[in-house]
Amino acid sequence: MTNSISCVEQTGCILLIGSNTTEQHPLIGTRIINAVKKGMKLIVADNRKIRLAEIADMHIRLENGTNVAFLNGLMHVIIKEGLADDEYVKTRTENYDELKAIVEEYTPERTAEICKITPEEVVNAARMYSAPEAAMIVYCMGITQHSHGVDNVKSCANLAMLTGNVGKAGTGVNPLRGQNNVQGACDMGALPNVYTGYQKVVDEASRAVFEKAWGVENLPGNVGLTVTTAINAACDGQLKALFVLGENPMMSDPDQHHVKTGLENLDFLVVQDIFPTPTTALADVVLPAACYAEKDGTFTSTERRVQRVRKACDPPGKARQDWEIVGDIAKRMGYDGLTYNSPEEIMDEITRVTPIYGGMQYDRIDQVGLQWPCPDREHPGTPFLHKGTFKRGLGLFGPASYMPPMELPDEEYPFLLATGRCYFHFHTGTMTRRTRLLDREERFPYVEINLDDAKRLGIYDRFPVMVSTRRGEVKALARVSDVVVPGHLFMTFHFEEAAANALTNNALDPVAKIPEYKVCAAQVRRAS
Amino acid sequence: MKRAKTEELKTFFESLSDKYDLRVPVKLHDGTRVLGSLSEGEFAIEGGKIPQKPTSVFFPQFDEMFVVTDGDVAMAKPPAKPIMVVGMTAEDLDCLEFIDKFFAENFRDNIYYNKRDGSVVVGVSGRCGKDGEFMKIAGGKCDIELISDGECFIVHPYTDKGEGLVEKLQADECGCGGVHMEALRKESDALPKEDEETVDKASELIRQGKVTDEFWDEIATRCIACTSCNLACPTCTCFEVYDRERDGKMVRQRIWDSCQLDGFMREASGHNPSGKQLQRTRRRIHHKLAADVERWGHRTCMLCGRCDEVCPTEIGIKSVCREIVKRFS
Amino acid sequence: MKRTLTTCPYCGTGCQFYLLTDGNGRLVGVEPSSEHVISKGQLCVKGWNAFNFPNHPDRLTVPQIRKNGKLVEASWDEALDLVASKLKEVQEKHGADSIAFFSSAKTTNEENYALMKLARAVFKTNNVDHCARL
Amino acid sequence: MNVMTKTKAEEGASHIYEPIPCEIVSKRDLTPLEKLFRIEMPDGRELGQRPGQFVQVSILGYGEAPISISSSPTKRGYFELGVRNAGTLTGELHKLNVGDKIGIRGPFGTYFDVEKLAGKDLVLIAGGCGLAPMRSLIQYCQDRPSEFGKLTILYGAKTPEDRLYKEDLIEWNESSVFACSYAVDGVPAGGCFNEGQVGLITVLIPPLELDVKNTVAVIVGPPIMYRFVIAELKKKGLAEDQIVVSLERYMKCGVGKCGHCAIEHLYCCLDGPVFWLNQVSSLKGAI
């Protein structure tokens, strides 16, 4: 997030796009509910009738995969009606002319046609978002998990900059991080292109810093493989060995069959985890690890707040801390630089090599976590980014044109399938499905289908159906409602027995390599 | 009656920690006040009610019912040391009185009474609430009540067990002959009764059938089923039971459950008498303010306010009652 | 009974709560931190129940090695020796970029750092990623 | 109907949650989904149930579920449970064999008060699985017919194959004690049904000739059935205090503590499952 969670209380309008906040980030969702009650405007741009749609000022059910067109349409109206923050655009941004040229084509009529909404919705949403002094864009995987996810994100940023909604309280472009430490994993350089704090591996100076800090030579300067491209490389035979620490690609990655082929094609697969998963089942070595309750360390929340995790009990049996296991492997490889006495010692090293984490010593974040950038021990942390100036100086408009998703419904597979999560389960379900109350709430895999489609196909609520795509087929219980529009299906990927990712498409965004989870073509029929 | 300073009370409770499993108000590391042992944090008798439900010392979030070893069932046993809980407010003591009755009636719940039997309950009241606010005096329902006059606590035993313990307290006798206590009582009686009146009025309106389904539906759209209201409520007693293996033995366990969950009443057939959010929201409040009046002769919301504080969307019982009174009376 | 202040293992909101541990070292409950800047004593249903899965009997408790197609229990030394020797073998035979490391958005910063460092400093590859995209 | 007396409650007070190991002495199929288990208490003890009560059945490791007792207390030395495979526990129960032990707590809940029903004409109306608890009352009436007036059994099921206790249905039909009418919602292609009518159970009510003043109707069936059956009975002139219903809810503890089965101020496990209709007809969500 560029801003803080508390900014929800300081904003005049939220454009919520591709986030089911009350279910996926409940305590952010509840803040939105409260803000609406106190008069904040809420625009929900989401195909599904999510909880927040019921209390929103506008619920725009745009077709999945048309976010770029929708956002361009809003900007078209904002420019045309003189609702942009001209001063901000002039002093703080660049490349406005290109943006203007591209969004020019997105008239309300054309936008409405692409998004399957009405021109009035485009106009009204543009006016509502641009009206208040401060407005926020809040988004989640509904924006990013597309074959043009990067374009979606850029378009959100364009809209925010165009209206002067970056760099102050109650504004910003705010992706909600879906896992407790996605932010931290990115910050820590668990990414193929950067070290900690987004220091680029292609940058020689950065490499030199880390070579010195780690006492090694010749750190590689090429950008590595992402999770999704690594699986492809495993299928191709390029990748020979994979070390998986606390991930379950068999459940979380697109096109399960493809993932399985890749993992089986490896010479060597190591999986370190807390529970057996479909991924550990394929491993050559399984290493038992400690879970969050059994370790010390830090997590970084979606608002960039670095907070302590503390050990409450011992790991079961012979399970060990991830960092100790990693250190032992390094030692066996003849490297002592990964031998630590405690997570605190690791954090001290992180603070030395990571400018944005420079002041994140354990004694400082003991009671209340701090938000990065926090360069030194005296710095109070940063509630919102880009105040006064962007990191690169001027904010760059990166306009995009609408591109359709890679696989759209057709005659054979007439439904548009999107995947996501439900309130009671988390990610691949390894933890929540072993939590009594949560497991009781959602025990069976389900697929949401519209009433009209269900009626036409003779499908009843809670009856078993088969959902299939070009990649595979799973059995789930029908959940018949108006949450999805006719022609759409929605499934969660929590259930091993009906892995939604057996169905999903391995189409990736060309830059971010994020899979297109929100659109693929599917078919549904009654299970016999 | 004795008069004791905070420090003297702390020393007193410390001296009892050999004999009792002490649960006293302490301030933890980040400032959160809980009922814990004196080793966990700073003794914090002042500051009002504890955010967590104090009845959890006898009915905790997780409990073992029995352990099975080679087919032999060993029921849970009473704790090694009796529990002494300090810091219950007058409202908390009302709650405790009710759940004592609830767990005893018809069938006596021995998992609860394992902990409750032999326990010592110490109330706290007077001028030691949050920001020095005056807290209602219970005047009973506990073994000892600590009543603050702003400087010291008047230590008032109500039971034989309480008297026996107070004898061991190293503190001065209260020399005023009860005059002091009388003044505090008057102050307690004069506390505003708005909440009570609102909730009673709402209870009446609900029982008269005046509160519509449309209203419950509207409240329900704000509920995200976080279950905090139930888990923070000292008179909520619902639990889920399940079996789980531990060290090769089967353990039957129970955990706090919530009527705000869809699965709470869902039957194996799929039939669900509370399958709609509206029904669940209505139940949460109807149960305390109407159904329990029918069953027990009184409402079972004791106005402690915890659900209001912990509800992220401001639909705790008091807030909803204010809304009911506004709209339906 | 022991209380430990920690951060919720689920979504990225960053709510904090105390985990309750009984005299036998087992998790027995959750108490929200009433002072936390975001959660303010509130939690969602997942947070309230976050004590319930760590002591599930399904937990992995012993290293396992695949022998004759089946995963069998092994000692830590045996498992880690195998990991190191196999990875070394692959590295020597096929080059640094024939190995990849998947880190985790569910583990700590320190552990992500350690794995990232293992990949880069020891195995000399930037093939390190986690499931931020998933 | 009768809240359990205090003395009865105190008998079991020391360990209300402790299951007693009991042996399965026979097991047979009722339908593809339902099986009938005959259970014996240890040391030849009697369960001591009244018709209409239930027990909590434990299979250690899989949990516990309430199961209504299908046999009458007039059958000595054992009790029977007719169980549909509908969830984790019942699925496991179906896998058990003769000689295996299950945990039993109970009997719990209110019962069909045969003393209060003495001398009355009874119309016993069961739908689907509802025949399981009803059978305990039917057996009681069969063994002690002189205690009652005219006895009528109405039973409806989805299909002929879905009917429980098929042999009993024939026996009751042939017995002079009962007047029986059976119905099925439908007959699958190729099947036949000669023992009654095709239609919902409500079709069996209008033809009844009732001595309205002296009749009590007892209803047990799936949730959807009650409203329609009650409406038909009311058309016949029966008042709410002449109708007895047995309600099913999700019960965990069986002793009024866990809260899952609460219907407004009543606990189905404690104040029910057997109610006079006028006790519950005004409660939201009861019927």
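The values are calculated or read from the model by the stated rules, or taken from the named source; none is laboratory data. Everything numeric in this text was worked out from a predicted model, so none of it was measured. Cβ sites come from the backbone with ideal geometry, for glycine too, and all protein chains shown count toward neighbours.
Looking at B:Ile111, B:Ile99 in this structure, which one is in a helix (DSSP H, G or I), surrounded by 20 or more Cβ atoms within 10 Å (Cβ to Cβ) and touching a Pro at 6+ places or on another chain (Cβ under 8 Å)? First the steps, then the outcome.
Numbers: B:Ile111 fails: touching a Pro at 6+ places or on another chain (Cβ under 8 Å).
Exactly one of B:Ile111, B:Ile99 is in a helix (DSSP H, G or I), surrounded by 20 or more Cβ atoms within 10 Å (Cβ to Cβ) and touching a Pro at 6+ places or on another chain (Cβ under 8 Å), namely B:Ile99.
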Among the residues of region A:428-465, how many are touching a Lys or Arg at 6+ places or on another chain (Cβ under 7 Å), touching a residue at least 60 places away in the same chain (Cβ under 8 Å) and at the interface with chain C (Cβ under 8 Å from one of its Cβ atoms)? 1
Among the residues that make up region B:24-32, is at least one of them modelled with pLDDT of 95 or more, under 30 Å from B:Val179 (Cα atoms), out of contact with any helix residue (DSSP H, G or I) (no Cβ under 6 Å at 6 or more places or on another chain) and buried (at least 18 other Cβ atoms within 10 Å of the Cβ)? yes
With the condition kept exactly as written, say whether any residue in region A:17-35 is more than 14 Å from chain B (Cβ to nearest Cβ) and in a helix (DSSP H, G or I). no
When region D:123-139 is examined, which residues are found to be surrounded by 24 or more Cβ atoms within 10 Å (Cβ to Cβ) and either under 13 Å from D:Trp172 (Cβ atoms) or without any contact (Cβ under 8 Å) to a residue 24 or more places away in the chain (or both)? D:Leu124, D:Ala126, D:Leu131, D:Met134, D:Arg135, D:Leu137, D:Ile138
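Residues are listed down the side, and each one gets a yes or a no for (1) outside any strand (DSSP E or B); (2) surrounded by 13 or more Cβ atoms within 10 Å (Cβ to Cβ); (3) under 19 Å from the mean Cα position of the chain (by Cα); (4) assigned by TED's automatic domain parsing to the domain that holds D:Ser72:
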{"site": "D:Leu164", "(1), (2), (3), (4)": "yes, yes, yes, no"}
{"site": "D:Gly191", "(1), (2), (3), (4)": "yes, no, no, no"}
{"site": "D:Glu195", "(1), (2), (3), (4)": "yes, yes, no, no"}
{"site": "D:Val203", "(1), (2), (3), (4)": "yes, yes, no, no"}
{"site": "D:Lys213", "(1), (2), (3), (4)": "yes, no, no, no"}
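Given A:Met136, A:Met161, which one is closer than 28 Å to A:Ser4 by Cβ, in a helix (DSSP H, G or I) and at pLDDT 95 or above?
Values: A:Met136 fails: in a helix (DSSP H, G or I).
Of A:Met136, A:Met161, the one residue that is closer than 28 Å to A:Ser4 by Cβ, in a helix (DSSP H, G or I) and at pLDDT 95 or above is A:Met161.
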Filter region A:155-184 down to residues that are surrounded by fewer than 23 Cβ atoms within 10 Å (Cβ to Cβ) and of a type in the set (Gly, Ala, Ser) and give me whichever is nearest to the other protein chains (Cβ to nearest Cβ). A:Ala169
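Residues checked against (1) out of contact with any helix residue (DSSP H, G or I) (no Cβ under 8 Å at 6 or more places or on another chain); (2) more than 28 Å from D:Val57 (Cβ to Cβ); (3) of a type in the set (A, V, I, L, M, F, W, C):
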position: B:Glu214; (1), (2), (3): yes, yes, no
position: B:Glu218; (1), (2), (3): yes, yes, no
position: B:Ala225; (1), (2), (3): no, yes, yes
position: B:Cys229; (1), (2), (3): no, yes, yes
position: B:Glu240; (1), (2), (3): no, no, no
position: B:Asp243; (1), (2), (3): yes, no, no
position: B:Met250; (1), (2), (3): yes, no, yes
position: B:Ala268; (1), (2), (3): no, no, yes
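Do any helices (runs of 4 or more DSSP H) lying entirely in region C:21-134 carry at least 1 residues that are at the interface with chain A (Cβ under 7 Å from one of its Cβ atoms), crowded, with 24+ Cβ neighbours inside 10 Å and in contact with a strand residue (DSSP E or B) (Cβ under 7 Å, 6 or more places away or on another chain), and which ones are they?
Working: elements: C:45-48, C:76-94, C:109-117.
Because the criterion is at least 1 residues that are at the interface with chain A (Cβ under 7 Å from one of its Cβ atoms), crowded, with 24+ Cβ neighbours inside 10 Å and in contact with a strand residue (DSSP E or B) (Cβ under 7 Å, 6 or more places away or on another chain), the helices (runs of 4 or more DSSP H) in region C:21-134 that meet it are C:76-94, C:109-117.
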Listing of helices (runs of 4 or more DSSP H) fully contained in region B:158-208 that carry 1 or more residues being hydroxyl-bearing (Ser, Thr, Tyr): B:179-189, B:194-207
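Which residue, of A:Ala281, A:Ala319, is surrounded by fewer than 24 Cβ atoms within 10 Å (Cβ to Cβ), among the aliphatic types (A, V, I, L, M) and facing another protein chain (nearest Cβ under 7 Å)? Please lay out each step first, then the result.
Values: A:Ala281 fails: facing another protein chain (nearest Cβ under 7 Å).
The conditions single out A:Ala319.
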Here are A:Thr339, A:Thr382: which of them is within 29 Å of the chain's Cα centre (by Cα) and part of a loop (DSSP other than H, G, I, E, B)? A:Thr382
Pick from D:Gly77, D:Gly128: which is more than 12 Å from every other protein chain (Cβ to nearest Cβ), modelled with pLDDT under 95 and under 21 Å from D:Lys35 (Cα atoms)? D:Gly77
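Give A:Ala190, A:Ala160 a once-over and let me know the one that is within 29 Å of C:Cys15 (Cα to Cα) and in contact (Cβ under 8 Å) with a residue 12 or more places away in the chain. Talk me through it step by step, then tell me what you get.
On the way: A:Ala190 fails: in contact (Cβ under 8 Å) with a residue 12 or more places away in the chain.
Only one candidate qualifies: A:Ala160.
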Looking at (1) closer than 27 Å to B:Tyr112 by Cβ; (2) in contact (Cβ under 8 Å) with a residue 40 or more places away in the chain, find the lone condition where B:Ser258 falls short. (2)
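Does at least one position in region A:293-309 carry a residue that is outside any loop (DSSP other than H, G, I, E, B) and over 22 Å from A:Asn180 (Cβ atoms)? Let's see the steps before the verdict.
In the first step, residues of region A:293-309 are kept if they are outside any loop (DSSP other than H, G, I, E, B); the result is A:293-294, A:297-300, A:305-309.
With the extra rule that they be over 22 Å from A:Asn180 (Cβ atoms), the set shrinks to none.
No - not one qualifying residue is present in region A:293-309.
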Of all residues in region B:284-316 being touching a Ser or Thr at 6+ places or on another chain (Cβ under 6 Å) and basic (Lys, Arg), the one that is nearest to B:Thr32 (Cα to Cα): B:Lys288
Please find, within region B:295-307, the residue that is nearest to the other protein chains (Cβ to nearest Cβ) out of those that are farther than 17 Å from D:Glu264 by Cα and buried (at least 20 other Cβ atoms within 10 Å of the Cβ). B:Arg306
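Quick one: which residue in B:Gly48, B:Gly31 is in contact with an Asp or Glu (Cβ under 7 Å, 6 or more places away or on another chain), closer than 30 Å to B:Arg299 by Cβ and small (Gly, Ala, Ser)?
On the way: B:Gly31 fails: closer than 30 Å to B:Arg299 by Cβ.
Result: B:Gly48 is the single residue among B:Gly48, B:Gly31 that is in contact with an Asp or Glu (Cβ under 7 Å, 6 or more places away or on another chain), closer than 30 Å to B:Arg299 by Cβ and small (Gly, Ala, Ser).
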Within region A:43-77, which residues are closer than 16 Å to A:Leu159 by Cβ and in contact with a His (Cβ under 9 Å, 6 or more places away or on another chain)? A:Ile43, A:Val44, A:Ala45, A:Asn67, A:Val68
Is it true that A:Ile346 is out of contact with any Ser or Thr (no Cβ under 8 Å at 6 or more places or on another chain), aliphatic (A, V, I, L, M), over 16 Å from A:Ser301 (Cα atoms) and within 12 Å of chain C (Cβ to nearest Cβ)? yes
Return yes or no: is A:Gly189 more than 23 Å from A:His76 (Cβ to Cβ) and in a helix (DSSP H, G or I)? no
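Inside region A:221-273, can you point out the residues that are in a loop (DSSP other than H, G, I, E, B), among the small types (Gly, Ala, Ser), more than 25 Å from the chain's Cα centre (by Cα) and closer than 16 Å to C:Asn126 by Cα?
Narrowing region A:221-273 to residues in a loop (DSSP other than H, G, I, E, B): A:221-226, A:237-240, A:246-248, A:253-255, A:266-267.
With among the small types (Gly, Ala, Ser) added as a condition, the list becomes A:221, A:224, A:237, A:246.
Okay, now just the ones that are also more than 25 Å from the chain's Cα centre (by Cα), so A:221, A:237.
Of everything in region A:221-273, just one residue is in a loop (DSSP other than H, G, I, E, B), among the small types (Gly, Ala, Ser), more than 25 Å from the chain's Cα centre (by Cα) and closer than 16 Å to C:Asn126 by Cα, namely A:Gly221.
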C:Ala119 being within 21 Å of A:Leu508 (Cβ to Cβ) and among the aliphatic types (A, V, I, L, M): no
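Could you go through region A:454-469 and let me know if any residue there is out of contact with any strand residue (DSSP E or B) (no Cβ under 8 Å at 6 or more places or on another chain), more than 30 Å from A:Pro276 (Cβ to Cβ) and modelled with pLDDT of 95 or more.
Within region A:454-469, the subset out of contact with any strand residue (DSSP E or B) (no Cβ under 8 Å at 6 or more places or on another chain) is A:455-456.
Among the residues that remain, those that are also more than 30 Å from A:Pro276 (Cβ to Cβ) are: A:455-456.
From what's left, modelled with pLDDT of 95 or more: A:455-456.
Checking region A:454-469: at least one residue is out of contact with any strand residue (DSSP E or B) (no Cβ under 8 Å at 6 or more places or on another chain), more than 30 Å from A:Pro276 (Cβ to Cβ) and modelled with pLDDT of 95 or more.
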Scan region A:185-244 residue by residue and report those that are hydroxyl-bearing (Ser, Thr, Tyr) and within 8 Å of chain C (Cβ to nearest Cβ). A:Tyr195, A:Thr196, A:Thr226, A:Thr228
